[in-house]
Amino acid sequence: MTSAALRRARPEDERAFYDICLLTGDSGADASALYKDPQLLGHVYAVPYLRFSPDFAFVLEDAEGVGGYVIAAPDSQAFEETLEREWWPILRQQYPDPANIPHEQRTPDQRMINLIHHPNHTHDDLQSEYPAHLHIDLLPRMQGGGNGKRLMHTLMDALEDVGCPGVHLGVGGRNENAVGFYRHLGFQQLQAHPWGYTFGMSLPRRL
């Protein structure tokens with residue numbers, strides 16, 4: 001764990017977003033060995049938030065550079081519509097749709113590319129009570145010492161400032177540290193899936 005400054009993310013942090021997303025992309029561990037294209041995870045889970053929801057993107061930075069971020073969209077369905085207009089079409093030109101490849105035969109790259117062509121959508125029941133969603137990733141040197149909690153509190157303050165009534169997130173079942181972290185912050189389990197869980201928190205929160 002290292003001492004780090006917390007600040008709002010800037011456009012020049014994009015490279016760090018790609019790197020951190022990959023280096024934490026295997027249930028919190030380094031996913032570099034899993035993907036041939038090192039940008040795929042960031043294309044889906046990190047950089048579009050920096051581009052299209054910058055008011056809800058914050059980073060931790062130390063002498064080595066940016067080592068963690070928290071990102072969110074206060075209105076998930078509106079964010080998904082924005083990406084459908086302005087983000088996915090460009091990427092779909094770069095990456096062919098693997099729809100003709102059976103799911104069980106797809107590589108990790110192809111599974112991620114499938115999300116570019118067929119992105120997940122927020123269900124109306126989540127949207128009504130927990131319209132925001134978030135992602136948080138920290139490199140090992142940033143983990144511990146309350147850094148994750150600092151990022152989350154900063155983000156929650158920003159969401160509360162715009163009157164957001166609630167926030168949700170997805171977490172893989174193998175990522176036990178993250179599951180414990182969210183529960184400790186006061187998130188409640190909303191749904192269980194074969195891949196993990198959906199957690200939610202009503203706002204304003206009482207942490």
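The values are calculated or read from the model by the stated rules, or taken from the named source; none is laboratory data. Predicted model, so just to flag it, every value in this text is computed and none were measured. We place every Cβ from the backbone using ideal geometry, glycine too, and count neighbours over all the protein chains shown. Just the protein is used for accessible areas: all its heavy atoms, side chains included, with ligands, DNA and RNA removed. Shrake-Rupley method; radii C 1.70, N 1.55, O 1.52, S 1.80 Å.
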Quiz item: Do you know which residues across region 39-89 are in a helix (DSSP H, G or I), of a type outside the set (Gly, Ala, Ser), touching a Leu at 6+ places or on another chain (Cβ under 8 Å) and buried (at least 18 other Cβ atoms within 10 Å of the Cβ)?
Solution: Leu41, His43, Val44, Pro48, Phe56
Quiz item: For residues in region 150-165 being surrounded by fewer than 18 Cβ atoms within 10 Å (Cβ to Cβ) and in contact (Cβ under 8 Å) with a residue 24 or more places away in the chain, which is farthest from Asn120 (Cα to Cα)?
Solution: Arg150
Quiz item: Just one of Pro119, Pro98 is part of a loop (DSSP other than H, G, I, E, B), open to solvent by less than 60 Å² (accessible area, probe 1.4 Å) and under 16 Å from Ala46 (Cβ atoms); which is it?
Solution: Pro119
Self-check item: Lone unmet requirement of (1) of a type in the set (S, T, N, Q); (2) open to solvent by less than 70 Å² (accessible area, probe 1.4 Å); (3) in a helix (DSSP H, G or I) for Asn177
Solution: (2)
Practice problem: Considering only region 128-139, state which residues are open to solvent by 30 Å² or more (accessible area, probe 1.4 Å) and within 17 Å of the chain's Cα centre (by Cα). | Solution: Tyr130, His135, Asp137
Quiz item: Looking at region 72-100, which of its residues are closer than 25 Å to Lys36 by Cα and among the hydrophobic types (A, V, I, L, M, F, W, C)?
Solution: Leu83, Trp87, Trp88, Ile90, Leu91, Ala99
Practice problem: Looking only at region 180-205, count how many residues are in a helix (DSSP H, G or I) and open to solvent by less than 50 Å² (accessible area, probe 1.4 Å). | Solution: 3
